Amino acid sequence: MRKVIFIFAAVIAFLYFSVILFIFSPINDSKNVYYGNNYVGPLGLRLVPSVNWCKELHWRSPPLPYAVALVSYPGSGNTWLRYLLQQVTGILTGSIYMDFGLKVHGFPAENVTDGSVLVVKTHEAPPLEPDKFKSAVLLIRNPRDAILADFNRLHKGHIGTAPKSAFKKRSRERKKTDWSSYVTIQLRTWESLHDLWLTKFPGPAYIVFYETLVKDTRKTLQGILNFLNYTFTERDMNCALTHKEGIYRRKKKLQDFDPFTQDMYRQIEIVKTRVINNIRIYRKKHNESDIFELL
C-alpha cells in the first residue's frame with residue numbers, strides 16, 4: 001500500500017512541476033535561446049527578464065464600456081504590435097486566447113477581453129454578439145509571409161523557425177506534402193478572415209499593413225493611436241522605437257530555401273488581388289484614402 005501511495009505522490013509531483021515548467025517556458029522551444037543580453041537555460045526558464053518597458057504596465061483607467069479588437073491572421077505580427085502599443089502607452093493589451101508563454105513574458109492580460117485593456121487580440125471572424133467589439137484594428141500581412149510565419153510558430157513557437165524537413169513531410173494517406181495542403185487551406189482562411197471583417201463588421205475598422213508597420217513604425221503607430229483616441233508624447237514614442245524589436249519578432253532563417261512552389265505563388269496572387277479589391281471598396285465606402293502599400 002505504501003508503494004502505491006508513493007508512486008501516486010510521485011506522479012502528482014511530476015505533473016505539478018511539468019505544469020510549472022510549461023507556464024514559465026519561453027516563447028521559443030529551443031534548448032538554449034538568446035534574447036538580447038539574456039539567456040534561457042536548458043530547462044526552458046529565462047534567467048533574467050528581458051523586456052525593458054518604457055512605462056509600468058497598467059490597466060486602462062477608467063476602462064472603456066466596450067473592447068477594441070486587434071484582428072489579424074496568425075503570423076501577421078499581432079504579438080509584436082501589442083508589444084509596441086504597450087511600450088508607447090503602458091496600457092495592457094488583451095486577447096481572446098490564453099497563451100501562458102505570453103502571459104508570463106510581457107502580456108499579463110492574456111484572456112482579458114473587455115475595455116480594461118487597450119486592444120484585444122483575435123484571429124477569429126467578427127463575433128456574433130453585436131456588443132463584443134465596437135471598433136477594430138485590422139492588421140494585414142502578405143499571405144505568403146503570414147502563412148510561413150504561422151507554420152514556423154506551429155513547429156517552433158512564437159519566434160522559432162521550422163526545419164526544412166517539416167516542409168517535406170507527407171502523411172501516409174496524402175499524395176501532397178502536409179505543407180502543400182496547409183498552404184491551400186490557410187490561403188482560404190486568410191482571405192475569408194479579412195473579407196468578413198471588411199464586409200460584416202458593423203463598427204469602424206482601421207486597416208494596418210504589417211509591411212508598412214515595419215517600414216515606418218512611427219507613422220503607423222501614430223495612426224493607430226489616433227484611431228484609438230489615445231494621446232501620447234514624443235518621449236513615449238521615442239522610447240517605444242528605441243526598444244521596438246523586443247523579443248517577439250522571428251529572426252529570418254533558411255534564406256537559401258523557398259518552400260513555395262510557382263503554383264502556390266499563383267494562388268497567392270489571385271487571393272491577394274481579391275482582398276486588395278475588397279480593401280479598396282471598403283475605403284471608398286468610408287471616404288478613406290486609397291493610397292497604401294500592400295504585401
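As a calculated quantity, the FRET efficiency between Glu234 and Asp145 at R0 = 41 Å, using C-beta atoms, amounts to about 0.85.
For Trp179, the solvent-accessible surface with a 1.4 Å probe is about 10 Å², rounded to the nearest 10. Hey, can you grab everything whose amide H is under 5 Å from the amide H of Lys121? Only 5+ residues off in sequence or another chain; H modelled, so Pro and N-termini drop out. Excluding prolines and chain starts, which carry no amide H, the hits are Leu70, Gly94, Ser95, Ile96. In order along region 84-89, phi translates into HN-Hα couplings of 4, 5, 5, 5, 6, 9 Hz, rounded to whole numbers, per the Karplus curve 6.51 cos²θ - 1.76 cosθ + 1.60 with θ = phi - 60° and x for Gly and Pro. Computed from backbone phi, the HN-Hα couplings of region 220-233 come to 5, 5, 4, x, 5, 5, 5, 4, 7, 6, 10, 8, 10, 9 Hz, rounded to whole numbers (Karplus: 6.51 cos²θ - 1.76 cosθ + 1.60, θ = phi - 60°; Gly and Pro given as x).
Stretching Lys168 away from Lys284 to a fully extended chain increases their span by 37.5 nm, per 0.36 nm per residue minus the current alpha-carbon distance. All alpha carbon pair distances within region 67-286 were sorted into 5 Å bins beginning at 0; the resulting P(r) in whole percents reads 1, 6, 14, 18, 19, 17, 13, 7, 3, 1, 0, 0. For region 199-205, putting each phi into the Karplus relation 6.51 cos²θ - 1.76 cosθ + 1.60 with θ = phi - 60° gives couplings of 10, 10, 6, x, x, x, 10 Hz, in residue order, rounded to whole numbers and with x for Gly and Pro.
Note on Arg274 and Val214: their simple-model spin labels are 2.5 nm apart, each label 7 Å out from Cα toward Cβ. Pairs spanning more than 32 Å between alpha-carbon atoms, out of Lys103/Lys285; Lys103/Lys134; Lys55/Lys285; Lys132/Lys168; Lys103/Lys215: Lys103/Lys285; Lys55/Lys285; Lys132/Lys168.
The values are calculated or read from the model by the stated rules, or taken from the named source; none is laboratory data. Only a predicted model underlies this, so the values are computations on that prediction, with no experimental measurement involved. Neighbour counts are summed over all protein chains in view; Cβ atoms, including those assigned to glycine, are modelled from backbone coordinates with ideal geometry. Heads up: the accessible areas ignore ligands, DNA and RNA and are worked out on the full protein's heavy atoms, side chains in. Shrake-Rupley method; radii C 1.70, N 1.55, O 1.52, S 1.80 Å.
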